[in-house]
1. Can you give me the number of residues within the range 91-131 that are surrounded by fewer than 23 Cβ atoms within 10 Å (Cβ to Cβ), over 30 Å from residue 164 (Cα atoms) and within 19 Å of the chain's Cα centre (by Cα)?
2. Looking at 153, 158, which one is surrounded by 15 or more Cβ atoms within 10 Å (Cβ to Cβ) and either farther than 22 Å from residue 119 by Cβ or over 21 Å from the mean Cα position of the chain (by Cα) (or both)?
3. Go over the candidates 89, 62 one by one and state the one that is within 16 Å of residue 315 (Cβ to Cβ) and without any contact (Cβ under 8 Å) to a residue 24 or more places away in the chain.
4. Scan the range 346-372 residue by residue and report those that are in a helix (DSSP H, G or I) and either without any contact (Cβ under 8 Å) to a residue 40 or more places away in the chain or at positive phi (or both).
5. Can you tell me how many residues within the range 266-275 are buried (at least 24 other Cβ atoms within 10 Å of the Cβ) and touching a helix residue (DSSP H, G or I) at 6+ places or on another chain (Cβ under 7 Å)?
6. Go through the range 143-168 residue by residue and tally those that are more than 22 Å from residue 217 (Cα to Cα), touching a helix residue (DSSP H, G or I) at 6+ places or on another chain (Cβ under 7 Å) and either in a strand (DSSP E or B) or modelled with pLDDT under 90 (or both).
7. Output the number of residues of the range 223-253 satisfying the condition of being farther than 24 Å from residue 195 by Cα and assigned to a loop (DSSP other than H, G, I, E, B).
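The values are calculated or read from the model by the stated rules, or taken from the named source; none is laboratory data. These numbers were taken from a predicted model, which means no experiment stands behind them. Positions of Cβ are generated from backbone atoms using ideal geometry, with glycine treated the same way; all protein chains shown enter the neighbour counts.
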């Protein structure tokens, strides 16, 4: 009887020794991505370093991509926000490659020079802007459990650029809202929520005042919402939205907005979640996509950051991970995101906006060392 008990105990120990490594392996193994033949071929990506800190953070991305041996290569173009228009060769490159990675382009305040950022969005019909604002592990913020995706209509509204001086001292600026553009950005927001297991879409508006323009936007959102009964839909006036964001941001999931409101809401949400320095973003249309820092809040022209070489590269690195998923390289995106989060969580290497004193290059070196 004693021998049987000892034998059973030994057998159980042996089984546990064999099963434990297997269970650990199963827990760490991700779902297999099955590529189509030829999917592993390196992809060309148009790269626009841009102004201010742009060249510094895009250089950081290039270094990390090289260290990972990521299957992308860059076609670099030197353009700046004070140019009158985007050179045709840049447009042609993005049309050919379908994908672009971009640093910030500074938009002059006032004067007759229009925004090159807006030109790119209109020229390529990048009708949806997406900014993902969420907390990072190990980075304390005033609010926890922030995980907000702001999807903004990107081609019309107050950014239509239809302004003229009626008489000296009186300027008329037109806000254009169309059903076509409102409906397709609403469709994109609900598709995003559906494909990313999101539970709620909130439409942000000012239809109590702009009854026709924002009323049309809301009407379009309501019609699209009816096609997605599994996703909760609600609406909120933009001023109340800002108040709710800074008091209870955890109530928001996916937000869909007209053009100007989206810019304000995304930067507010970024500030709540910890700052603009690590919020990824992108602009997407039916055929092309441009990935860039999700919320800039004016740091493109911060000369002090540039002189000290202490710009935060994390936002553009996360945007690059979004780009890698867009290109169907999910394992590279996972490796990049995991390395960045590990470095931020450990807290040893951080730029000033995240509570540290490290340079951009020191953070990049730490991220490269943390790559699996």
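1. Total satisfying the criteria: 2.
2. Sole residue among the options that is surrounded by 15 or more Cβ atoms within 10 Å (Cβ to Cβ) and either farther than 22 Å from residue 119 by Cβ or over 21 Å from the mean Cα position of the chain (by Cα) (or both): 158.
3. 62
4. Within the range 346-372, 362, 365, 366, 369, 370 meet the criteria.
5. Here the count works out to 2.
6. Result for the range 143-168: 2.
7. Qualifying residue count for the region: 1.
The rows are residues; the columns are (1) surrounded by 18 or more Cβ atoms within 10 Å (Cβ to Cβ); (2) more than 21 Å from residue 285 (Cα to Cα); (3) touching a strand residue (DSSP E or B) at 6+ places or on another chain (Cβ under 9 Å); (4) not assigned by TED's automatic domain parsing to the domain that holds residue 155.
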{"position": "183", "(1), (2), (3), (4)": "no, no, no, no"}
{"position": "189", "(1), (2), (3), (4)": "yes, no, yes, no"}
{"position": "199", "(1), (2), (3), (4)": "no, yes, yes, no"}
{"position": "207", "(1), (2), (3), (4)": "yes, yes, yes, no"}
